Every structure is written in C-alpha cells, then in structure tokens.
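Visitor: First the structure, which I've put down as structure tokens, then a few questions once you've had a look.
All of the numbers you see were taken from the coordinates with simple rules; none came from a lab. As the structure is a computational prediction, the values presented were derived from the model and not from experiment. Cβ sites come from the backbone with ideal geometry, for glycine too, and all protein chains shown count toward neighbours.
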Amino acid sequence: MTTDALQQPPLRLRLAPAAAEALFHAGIAVLVVILSVSSFAVSTVFGVAASFVMTAIVAIAVPASIPLLVAVSFVTQNMVVAWYTPSIPDNTDFDALRGANFVILATAFAAFFLAAFQARARAIAELRPWIVGGVWLCGTIVVYLGLGAVHGDAKDAIVYFRNVITPIACFYVAIIAASLYRIDLTRTVPWLAGFAIAYGYCELAFGMDFLSLFHGDQYILRAIARQIQSGAYEKALQETGFVLRGLQDVLLTNLFNLPIPGLPQVFRIGGPTFHSISFAYALSIVSVWLLFNRRWLLPLLALPLLLVIGSKGAMFLLLVGLFVRLAKPLLGIRPALLLTVAASVAWVAGSIGFGIRAGDYHVLGLFAGLREFTHNPLGVGLGLGGNLSSTTVDVNWDLAQAHGAAAQPMESAIGVMLYQMGIGSLLFLAFLLAIARAAWRAYRRSGDFAVLFLVVAVVAITANAVLQEEAFFSPLALGFALLLGGARLAAHWSPTSQARSFRE
C-alpha cells in the first residue's frame, strides 16, 4: 500500500445543502410528534404542556419547520398512538393521545398569528387584510362556540370548534410562515407522500401482520371492541339487517369498495391515520399538489390505493386536479378551471339526485341542515348536530327517509355548518372563496401554475362538503390542502419573492 493511499481522508457522506436542510426539518417534525404523543401517554396535562413548549420552541428557533411539523403530525400521529395501545387500558386516557396534533397546530397558530402583528409582518401589504379578516372570522367562531356550550354539551361544542378552526389555523400558519421565512415544501412533502404510499401498500399486502409491528393490530381490535360495546352493530342489525360474523366483515371490503357480488376482497386500508376516508384525502391532496408541482411518479403510485379505498370524494378531487393539469396546455387555464367548477356543480347535483332516489343519509342530513337554517338563520351554536355530536347518537333512518330529511343535520359539512353557525357559516365560505381568488390573482401576476392547486382544492373539497363532513372537518382534507397551498401562495408575498421566478 502506498503512502498516498494511507494519507487519503476517509470516505464521508456528503449531502447537498438543500437535501441536508430538508432532512433537518423532517427530523425535527418526526421527533416532536413522537415526543408529543409520548408525553400524552404520561398524562394529559403533561402532554398538553410538553407539546405546547416543544412547538413554541420550534416556532421561535426554527420557524421554517412549522408547516412540515403540522403536516407530519396529521399523517403520522395515530401510528405513534398505536404503539401505546397495550400500555394504556383506559379509553379516555387513550383518546387523549390523539389530541397531540391539535395542540401542536393550536400552538403554532397562536405563535404565528401573534408574529403577524410585528412591524416586519405588517409591512407585507398582501398579508394585512388576511390578518384583519382572520380576527373577524375567529371571533365569529368563538361566539358560536359559546352558544353551543350554553345550548348543548360543552364537549360537543369543543369538538366542532376544533373541526372548524383547524383549516383556518392551517392556512394562517402557512401564509404567515411563508411570508416571513423561506418555506420550500417541494423538498420535504414528497418524502412524506412516499412514506404514506409505502405504508398503504404494506398494509394492503400484509394486513394485520404489518400492523402488528407497532401494535396497529391492537389499535384496530380495540376500536372494534368499543363499537361492539357501544351497541353500534346491534343498531346496524336493526336498521339494515347487517350481522357481524367476525373480523373479516370489518377488516375486508370488496375491491374498489363496490357492492358488486363476485369481486375479490381486499384488506380495508386506513393508512397511518387508521381512517380510510382521511387517508384517501391525504393521498388525493398530496397527489394533486405534486401534479401541480410537476411530479408524476408518486401520484401514479397513489392511484391504485385510492381505487382500493373507494372514497368517491377523494377520487373526484384527484380526477379534477389531473384534468386541469392535462387540459392547461390544450384548452388554456381559464377554460380548464371553468370546466372544473361546472364539473363540481354537476357532481353535487348528480349526487343529490341519486341520494334522493336512494334515501341516502348524506342527502337526508343535508336537507335537515337546510330546513333548520330556514327556521333559525342565526344558528344554534357549535356541537349541536353532526356526526361527532352526542345529539345524533340515536337516529331513526326509516323515519328520516319517510320525512325526506333527518331529525338532526349530519353527514354534510355544509348542512351541519348552516345549522350550527347559521349566517356565520357564510363568512367561512367567503373565506374559502377569497383564498381561491387570491390564488388566481397570484397566478395572473406570476404565471406560477403550482399556486392554482388552491383553486382546484377549494372548489372540489367544497363540492364534496355538501354531502360529506370529512371534507371540511378532517384535518387531512381541507386543512391539509390549505396548509400546502397556503405556503405556495404566501411565497408570492414574501419580500424575497421578487428575485424568484415562479413561471413554469
């Protein structure tokens, strides 16, 4: 061996600066989520305090990590929660673990909203009207929180306060962070998407054997046992004749979730969220976002998983996003977006028409919301009505079908919001309209196609919300979309954006 060979420095792994930065932000996000859920396993009070402190430290020391931290907490939290399934026998304490991501989001929202009143943020002209509007919007929601706590169950009111405030908080975290700091989610979100897709295929291929690696099998069995104890399956037997014969009736579903005899059965995948609809929205939203950022491989890999899950709303979102992406060079962007709006209107009208003929409970819940809105346009307060409210535990669907509407609004985010918030819900819908308009204006000024993701997501998700609560109220639906899209929108407002080219 020569002297030169002996003097050569050892091999070192060198990462490009951008890759190292992305890995740094991802590491912070994963670590905080694991520690937050683990702190809730100690006690709920300690979990709230620890999650608040950790998120506040990140918001002050590494503010550019916050949008990714929120996204990672939405996608991966329940996977961490599953690890503690055998360790926490009490259901109330176990349910508290799932509150970690809301504490993270709420802390980030408070920190950035306060930061928006600093001189540096007030100097950004595009940001100022959003801050003023946010104060009015959040104030309105707090008023309806109080009404709901007075007129109904305070716990129900808090649950729906969380549902309504989550997408708003996601948007404001994204736009304030991206206005003040350089946020580049195109380097980190594809890794998060890749993880979710790989998880989905592992769950589909190996089922409970894969989930048992982190006690996910016990998580699912615990949820099924709680449903049995609550009498949910007895109620299903009385209403539909469905008989629970074994785990296969819960864990298996027909391919593409279609009620067609003869189709092979596949494992009912729920992803790291352990909720099929939420997982479908996560896959659909991140796929459309990637398509608008000129990434094709991961959306193509996500498509079979979406087909297996069979969520029509999530699939509709992906299809309209794919249509706009492909139609832009052929038709131009304005006709493509107008056709998207028309398709969304037709989707809603067709779904309602089919639901009326079939006596579908989503339509019955929507009509109940419209009926109650005409009786009381001011609203009754958050927490009354809705799938997660104690007021809708005992629903007589035979009677609802006979009357053409449910006794309480449910299964429809629009119907529930009209009932709970009355004309206040129109302020929330105006907020979504303003977001779509701001994204369109940003595109007109810059030619940045990626910012139009917000337009497509807002239109399609709002259409889905007419007959689905998850569209607005699942964190991985509207909230996730506004988090990803808001960061891109606000990058156009940042003082450093003048030196950047957004054109495709």
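Visitor: Could you give me the ³J(HN,Hα) list for the stretch 90-95, computed from phi with Karplus coefficients 6.51, -1.76, 1.60 and θ = phi - 60°, whole Hz, x at Gly and Pro?
Guide: The phi angles translate into 6, 5, 5, 5, 5, 4 Hz.
Visitor: Another question, then. Looking at the square roots a ≥ b ≥ c of the eigenvalues of the Cα gyration tensor of the stretch 337-473, which shape do they give, rounded for a/c under 1.5, prolate if a/b is larger than b/c, or oblate?
Guide: prolate
Visitor: Right, another one. Could you give me the ³J(HN,Hα) list for the stretch 113-125, computed from phi with Karplus coefficients 6.51, -1.76, 1.60 and θ = phi - 60°, whole Hz, x at Gly and Pro?
Guide: 5, 5, 5, 5, 8, 6, 4, 4, 6, 5, 6, 8, 4
Visitor: Output needed for the chain: three equivalent-ellipsoid semi-axes, defined as square roots of 5 times the C-alpha gyration tensor eigenvalues, in descending order, whole Å.
Guide: The answer is 35, 29, 25 Å, longest axis first.
Visitor: If you find the alpha carbon centre of the stretch 70-115 and of the stretch 280-305, how far apart are they in angstrom?
Guide: 25
Visitor: Moving on. Where the convex hull is taken over the Cα atoms of the stretch 410-504, what is its projected area averaged over directions, in nm²?
Guide: The number I arrive at for the stretch 410-504 is 6.2 nm².
Visitor: Of the chain, which part is the longest with no trypsin sites (Lys or Arg not before Pro) in a loop (DSSP not H, G, I, E, B) and with at most 15 other C-beta atoms within 10 angstrom?
Guide: Of all site-free stretches, the longest is 295-499.
Visitor: While we're looking at this one, here's another question. Could you give each residue of the stretch 365-381 its phi-based ³J(HN,Hα) in whole Hz, using Karplus coefficients 6.51, -1.76, 1.60 with θ = phi - 60°, and x for Gly or Pro?
Guide: In residue order, the calculated couplings are x, 5, 5, 5, x, 5, 4, 5, 5, 5, 6, 9, x, 7, x, 10, x Hz.
Visitor: For the stretch 39-170, what class follows from the C-alpha gyration tensor (a ≥ b ≥ c being the square roots of its eigenvalues): rounded when a/c is under 1.5, otherwise prolate if a/b is larger than b/c, else oblate?
Guide: Here the stretch 39-170 falls in the oblate category.
Visitor: So what is the 222 nm mean residue ellipticity for the chain from helices alone, if each DSSP H run of at least 4 adds -39500 (n - 2.57) and you divide by all residues, rounding to the nearest 500 deg cm²/dmol?
Guide: -22500 deg cm²/dmol
Visitor: On to the next question. Less than 14 Å Cβ to Cβ from Arg441, Lys/Arg counted +1 and Asp/Glu -1: what total charge do the surrounding residues give?
Guide: So the environment of Arg441 carries a net charge of +3.
Visitor: Using label points projected 7 Å from each Cα along Cα→Cβ, tell me how many nm separate Leu330 and Ala349, to one decimal.
Guide: The modelled label-to-label distance comes out at 2.3 nm.
Visitor: Using just the alpha carbons, could you tell me how many Å³ per residue the convex hull of the stretch 18-115 encloses?
Guide: Taking the convex hull of the Cα positions in the stretch 18-115, it is 85 Å³ per residue.
Visitor: OK, next. Apply the Debye scattering formula to the stretch 277-327, with a single equal point scatterer on each alpha-carbon and no solvent, then give log10 I(q)/I(0) at q = 0.17, 0.21, 0.26, 0.32 Å⁻¹.
Guide: The computed values of log10 I(q)/I(0) come out as -0.40, -0.62, -0.93, -1.32.
Visitor: May I pose another question? When Lys and Arg each count +1 and Asp and Glu each count -1, what net charge do the other residues less than 15 Å away from Leu339, Cβ to Cβ, add up to?
Guide: +3
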